[in-house]
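> After the structure tokens below, expect a handful of questions from me.
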Amino acid sequence: MSEILKEVLKHISTKSDISYTGFEGANIVLYTKNTDFFLDNGGVIKKIVDDIKKRVELRPDPSVCMEMEKAEEEIKKLIPSEAGVGEITFDPQRSMVIIEAEKPGLAIGKSGEVLKEIKQKTFWVPLVKRKPAIRSKLIENIRKVLYENNDYRRKFLDNIGKRIYDGWIRDKKHEWVRVTVLGAGRQVGRSCFLLQTPESRILLDCGIDVAGTNSNAYPFLDAPEFKIEELDAIILTHSHLDHCGLVPYLYKMGYKGPLYCTLPTRDISALLSLDMISVSQKEANKSIYSSADIREMVKHTVTLDYEEVADITPDIRLTFYNAGHTLGSAMAHLHIGNGLHNLLYCGDMNFEVSNLLGSAVTRFPRLETFMIESTYGGKDDTPPSRKECEDELVKKIKETIEKKGKVLMPVLGVGRSQEIMLILEKSIRSKVLPNIPIYVQGMVWDVTAIHTTYPDFFNNTVKKAIFHKDQNPFLSKVFKHVGSQKEMQEVLEGGPCVILATSGMMVAGASIEYFKALAENSKNSLILTCYQGPGSLGRRLESGEKVIKFSEKETINVKMEVNTIHGFSGHSSRTQLMNFVKRLDPKPKKGIIIHGESSKCLDLASSIHKQLRIETSAPKNLESIRIR
Ligand code: ZN
């Protein structure tokens with residue numbers, strides 16, 4: 001048995017009848033057959049927590065839990081009906097019951113009263129979750145994968161704990177910390193970094209360059225430093241494919257360790273990876289991994305909340321902080337070697353409050369080195385303000401509606417589309433825009449459903465509206481889901497409206513179909529808000545092409561108005577990047593500039609060095625930097 005578990009048991013009398021002691025990742029769990037001790041441990045557990053500074057959870061042994069059917073009846077009796085209880089799911093191996101409720105506060109009760117009663121009556125540990133406002137098939141599937149693999153996960157999480165607490169295999173005397181750039185060095189796309197200490201090997205993100213060709217789309221996993229069998233953990237900052245796209249492939253190649261991310265990142269990454277497979281199937285390309293590999297990824301995910309501290313190896317402690325970039329996006333703070341060094345990997349981040357999310361965090365307990373993106377880090381990257389862009393968008397929509405036309409907005413599934421939905425909802429509610437329907441096509445709707453599952457990740461304004469005023473902007477009647485071909489036809493035959501459809505660059509998906517149907521009518525308009533890659537249909541329209549030939553028989557004469565509005569990006573502008581670094585508290589000693597075209601990386605690196613007196617570098621792919 002692990003030393004730390006022996007230490008824990010020393011505090012507990014044998015009368016407590018502890019039947020099992022083990023780990024759930026970095027947390028310690030105890031199971032007891034003594035129901036009195038389960039209900040009231042007399043402060044014993046708190047004392048242990050104070051002593052060893054780790055999370056310790058006490059649960060009833062499964063043998064003493066009430067029969068599930070009876071417990072469900074009991075739970076339904078105890079929770080007031082106004083709480084709107086939905087599904088009740090039992091996790092018998094962990095003696096836990098997950099209760100979905102429309103109003104979690106009422107299900108929990110004042111200072112947890114209702115939960116206490118459930119415990120007393122049923123000897124189950126209740127956990128209340130908010131019932132998603134829009135059902136998501138994907139989230140249901142993910143939960144199913146997790147429940148079906150309960151047995152496996154119990155052993156898997158126990159092994160993570162053993163590695164964390166008993167690991168420390170390598171030499172402690174020679175301490176160093178080193179980062180190797182496997183992707184996103186002086187480029188946007190394929191983010192991937194290897195963090196090494198004498199004890200640990202951690203991968204920070206593992207993405208695909210979506211615009212890249214086969215030979216340069218993937219990170220340098222053939223670098224001599226990287227050995228998949230030595231990898232301790234993967235940390236995933238957010239769900240965009242250029243950060244998460246290759247993670248399932250690592251599981252295909254035999255990695256069986258943990259993937260750390262937030263809940264929304266887990267779900268949206270799975271959705272986007274599945275979508276990537278189906279897109280390549282449609283284009284008759286072979287995908288490099290299958291849905292079975294995505295299932296393996298989900299099976300090995302360990303989710304953390306923002307600001308929840310977790311040991312992930314013997315010498316590395318991870319904390320996620322809000323990055324403001326997309327739902328659930330995080331900056332990873334790594335406390336290394338018991339205070340030897342503190343590294344902040346920012347991932348993609350936005351240092352401003354958007355309609356949807358709060359701004360990236362700048363205060364940390366300790367900080368020596370930061371790694372920051374420079375997508376818009378060049379001197380000239382000063383886009384118009386969000387307010388100016390919003391006004392422009394509303395003005396263009398208004399003009400089209402007045403002409404009795406339709407507005408087509410090709411969007412990315414994640415992030416910007418929800419940001420735009422909030423702007424449109426706000427404008428219609430405040431009567432700046434007339435009450436027209438907003439049609440939300442396919443994938444955008446699926447991702448929006450995931451958004452409504454995790455309202456805790458929104459900014460304070462949206463949270464307040466949902467929690468205190470019962471106003472969820474995503475549930476507004478102005479949004480209409482378009483799922484079938486028939487519904488799409490009805491949209492095209494109907495009156496003035498706004499249509500949100502993927503893909504953002506109009507390279508695939510419904511946005512092309514809508515375009516073909518709407519382009520030849522001058523009353524309609526197209527509004528592009530995403531980056532348009534060279535060669536994409538979006539870029540061709542943006543640069544003024546008026547005749548688009550799809551095939552020998554199909555030529556479209558573009559008569560609709562084409563507009564581009566930049567500035568809804570989830571990334572920081574140059575000024576925001578500089579302000580973010582300036583505000584970092586405590587002031588770091590070293591900055592590593594990544595995730596930007598070469599000139600932008602170098603430009604930002606030199607400005608931070610000159611203006612803020614911080615040592616900086618802009619490494620290329622395959623370069624390693626010793627940060628301590
Ligand atoms: Zn991103």
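The values are calculated or read from the model by the stated rules, or taken from the named source; none is laboratory data. Because the structure is predicted, anything quoted here is derived from the model rather than measured. With ideal geometry, Cβ positions are generated from the backbone for all residues, glycine too; neighbour counts draw on all protein chains shown. When the accessible area is computed, the model is the full protein with side chains, heavy atoms only, and any ligands, DNA or RNA have been set aside. Shrake-Rupley method; radii C 1.70, N 1.55, O 1.52, S 1.80 Å.
> Take every Cα pair under 8 Å in the stretch 271-386 that's 6+ residues apart, average their separations, divide by the length, and report that relative contact order as a whole percent.
Working: 161 pairs, mean separation 18.3, N = 116.
Here the relative contact order equals 16 percent.
> While we're here: Report the semi-axes of the equivalent ellipsoid for the chain in whole Å, largest first, where each axis is √(5λ) for an eigenvalue λ of the Cα gyration tensor. Kindly include the intermediate steps, with their values, before the conclusion.
Values: eigenvalues 366, 206, 95 Å².
Equivalent ellipsoid of the chain: 43, 32, 22 Å, largest first.
> Still on this structure, I have one more. Evaluate the distance, in nm, between pseudo-label points positioned 7 Å from the Cα of LYS559 and of LYS523 along their respective Cα→Cβ axes.
With each label point 7 Å from Cα toward Cβ, the separation is 1.1 nm.
> Could you compute the FRET efficiency for THR213 and LYS549, with r as their C-beta to C-beta distance and R0 at 30 Å, rounded to 0.05?
On the way: r = 24 Å, r/R0 = 0.81.
For R0 = 30 Å, the calculated efficiency reads 0.80.
> To the nearest Å, what is the center-to-center distance of the stretch 36-60 and the stretch 129-166, using C-alpha atoms only?
With the stretch 36-60 and the stretch 129-166 each reduced to a Cα centre, they are spaced 24 Å.
> Out of the stretch 1-94, which GluC sites (Glu not before Pro) are coil in DSSP terms and have no more than 16 other C-beta atoms within 10 Å? Write out the running numbers ahead of the final one.
Numbers: sites: GLU3, GLU7, GLU24, GLU57, GLU67, GLU69, GLU72, GLU73, GLU74, GLU82, GLU87; in loops: GLU67.
When the GluC sites (Glu not before Pro) of the stretch 1-94 are filtered for loop state and at most 16 Cβ neighbours within 10 Å, GLU67 remain.
> Which of ALA449, ASN521, MET506 sits closest to the plus end of the dipole of the stretch 386-564, meaning its Cα is farthest towards the positive end, when Lys and Arg get +1 and Asp and Glu get -1 on the C-beta?
Comparing the listed Cα positions along the dipole, ASN521 ranks first.
> Could I ask something else about it? Given R₀ = 25 Å, what would the calculated FRET efficiency be for THR35 paired with ASP158, taking r from the Cβ atoms and rounding to 0.05?
Numbers: r = 24 Å, r/R0 = 0.97.
Approximately 0.55, to the nearest 0.05.
> Per residue, how much accessible area does the stretch 65-131 have with a 1.4 Å probe, in Å²? It would help to have the intermediate numbers written out before the result.
On the way: 3620 Å² over 67 residues.
Value for the stretch 65-131: 54 Å² per residue.
> If you bin the C-alpha pair distances of the stretch 1-98 every 10 Å from 0, what whole percents do you get?
The calculated distribution, bin by bin, is 13, 42, 28, 15, 2.
> Tell me the net charge near ALA211. Cut-off is 11 Å between Cβ atoms, ALA211 excluded, with +1 for each Lys or Arg and -1 for each Asp or Glu. Write down the numbers at each step before the final one.
Working: positive: ARG190; negative: ASP209, ASP242.
So the surrounding residues net to -1.
> Taking every pair of alpha-carbon atoms in the stretch 570-628, what share in percent sits in each 5 Å bin, from 0 to the bin with the longest distance?
So the P(r) values, bin by bin, are 4, 17, 30, 26, 16, 6, 0.
> In this model, which of LYS463/LYS582; LYS406/LYS469; LYS403/LYS546 are farther than 26 Å apart at the alpha-carbon?
Beyond 26 Å: LYS463/LYS582; LYS406/LYS469.
> Turning to a different aspect of this structure: Just add up the charged neighbours of LEU327: K/R +1, D/E -1, any other residue whose Cβ is under 12 Å from the Cβ of LEU327. Mind showing how you got there, number by number?
Numbers: positive: ARG266, ARG416; negative: ASP267, GLU419, ASP456.
Residues close to LEU327 contribute a combined charge of -1.
> Assigning unit charges at the beta carbon (Lys, Arg +1; Asp, Glu -1) and nothing else, what dipole magnitude in debye, to the nearest 20, does the chain show about its Cα centre?
Numbers: 88 positive and 80 negative charges, 197 e Å.
In total the dipole reaches around 940 debye.
> What is the angle, in °, between the Cα long axis of helix 386-402 and the longest principal axis of the Cα atoms in the chain? Nearest 10 is fine, range 0 to 90.
Helix 386-402 and the main axis of the chain meet at about 50 degrees.
> State the three equivalent ellipsoid semi-axes of the stretch 183-245, derived from the C-alpha gyration tensor as the square roots of 5 times its eigenvalues, in descending order and whole Å. Kindly include the intermediate steps, with their values, before the conclusion.
Details: eigenvalues 85, 33, 16 Å².
Calculated on Cα positions only, the semi-axes equal 21, 13, 9 Å.
> For the stretch 394-476, give the magnitude of the charge dipole about the Cα centre (Cβ charges: +1 Lys/Arg, -1 Asp/Glu; no others), in debye to the nearest 20. Walk me through the numbers on the way to the answer.
On the way: 13 positive and 7 negative charges, 91 e Å.
Dipole about the Cα centre, nearest 20: 440 debye.
> For the stretch 27-32, what does the Karplus curve 6.51 cos²θ - 1.76 cosθ + 1.60, with θ = phi - 60°, yield as ³J(HN,Hα) per residue in whole Hz, taken in order and with x for Gly and Pro?
8, 9, 10, 10, 10, 10
> Just subtract the alpha-carbon distance of ASP585 and ALA133 from 0.36 nm times their residue separation and send over the number in nm, one decimal. Please list the in-between numbers first.
Working: separation 452, 0.36 × 452 = 162.72 nm, distance 3.76 nm.
The span from ASP585 to ALA133 would gain 159.0 nm if fully extended.
> Be a star and scan the stretch 29-43 for residues whose amide nitrogen sits under 16 Å from the point 7 Å along the Cα-to-Cβ vector of MET1.
The answer is 29-34, whose backbone nitrogens lie closer than 16 Å to the label point.
> Further question on the same structure: With every atom except the alpha carbons ignored, what do you get for Rg and Dmax of the stretch 386-564, in angstroms?
My reading of the Cα-based Rg and Dmax gives 16.2, 57 Å.
> Calculate the length of the line joining the C-alpha centroid of the stretch 530-551 to that of the stretch 253-286, in whole Å.
When both Cα centres are located, 28 Å separates them.
> Also, I was wondering about something else. Compute the relative contact order of the chain as a whole-number percentage, counting only Cα pairs closer than 8 Å that sit 6 or more residues apart in sequence.
On the way: 1287 pairs, mean separation 84.4, N = 628.
Once divided by the residue count of the chain, the mean separation gives 13 percent.
> Subtracting the Cα-Cα distance from 0.36 nm times the residue separation, let me have the gained length for LEU622 to ARG363 in nm, one decimal. Could the numbers behind the result be given before it?
Details: separation 259, 0.36 × 259 = 93.24 nm, distance 3.05 nm.
Length gained, LEU622 through ARG363: 90.2 nm.
> Dipole magnitude of the stretch 65-131 about its Cα centre, charges +1 at Lys/Arg Cβ and -1 at Asp/Glu Cβ only, in debye to the nearest 20? List each step's numbers first, then the result.
Values: 12 positive and 12 negative charges, 58 e Å.
Charge dipole of the stretch 65-131: 280 debye, to the nearest 20.
> If you don't mind, there's one more thing I want to ask. With viscosity set to 1.002 mPa s at 20 °C, what whole-number translational diffusion coefficient in µm²/s follows for the stretch 240-314 from Stokes-Einstein and a Kirkwood radius over Cα pairs? Write out the running numbers ahead of the final one.
Details: Rh = 13.1 Å.
It comes out at roughly 164 µm²/s.
> Report the gain in length on full extension from LYS477 to LYS10: 0.36 nm times residue separation, minus Cα-Cα distance, nm rounded to one decimal.
Numbers: separation 467, 0.36 × 467 = 168.12 nm, distance 5.91 nm.
Working it through step by step, the gained length comes to 162.2 nm.
> Taking 7 Å along the Cα-to-C-beta vector as the label spot, tell me the LYS516-LYS252 distance in nanometres, rounded to one decimal.
It works out to 3.0 nm between the two label points.
> Now for a different question. Could you look at the stretch 386-564 and say what percent of its accessible area is carbon and sulfur, using a 1.4 Å probe and all protein chains? Intermediate results must be reported in sequence, preceding the final value.
Details: 4040 of 8020 Å².
C and S fraction of accessible area: 50 percent.
> Same structure again: Average the reciprocal distances over every distinct pair of alpha-carbons in the stretch 400-447, invert the result, and give the Kirkwood radius in Å. Walk me through the intermediate numbers first.
On the way: mean 1/r = 0.0855 Å⁻¹.
Its Kirkwood hydrodynamic radius stands at 11.7 Å.
> Could you please report the charge total around ILE336, scoring K, R as +1 and D, E as -1 over all other residues with beta-carbon less than 12 angstrom from its beta-carbon? Each step should come with its number before you reach the end.
Working: positive: ARG178, ARG317, ARG366, ARG628; negative: GLU175, GLU199, ASP311, ASP315, GLU368.
Local net charge: -1.
> Calculate the length of the line joining the C-alpha centroid of the stretch 386-441 to that of the stretch 572-598, in whole Å.
Cα centroid of the stretch 386-441 versus Cα centroid of the stretch 572-598: 32 Å apart.
> Among DSSP bridges having both ends in the chain, what percentage is antiparallel? Round to the nearest 5. Before the final figure, lay out each step's value.
Numbers: 42 of 92 bridges.
Antiparallel: roughly 45 percent of the beta bridges in the chain.
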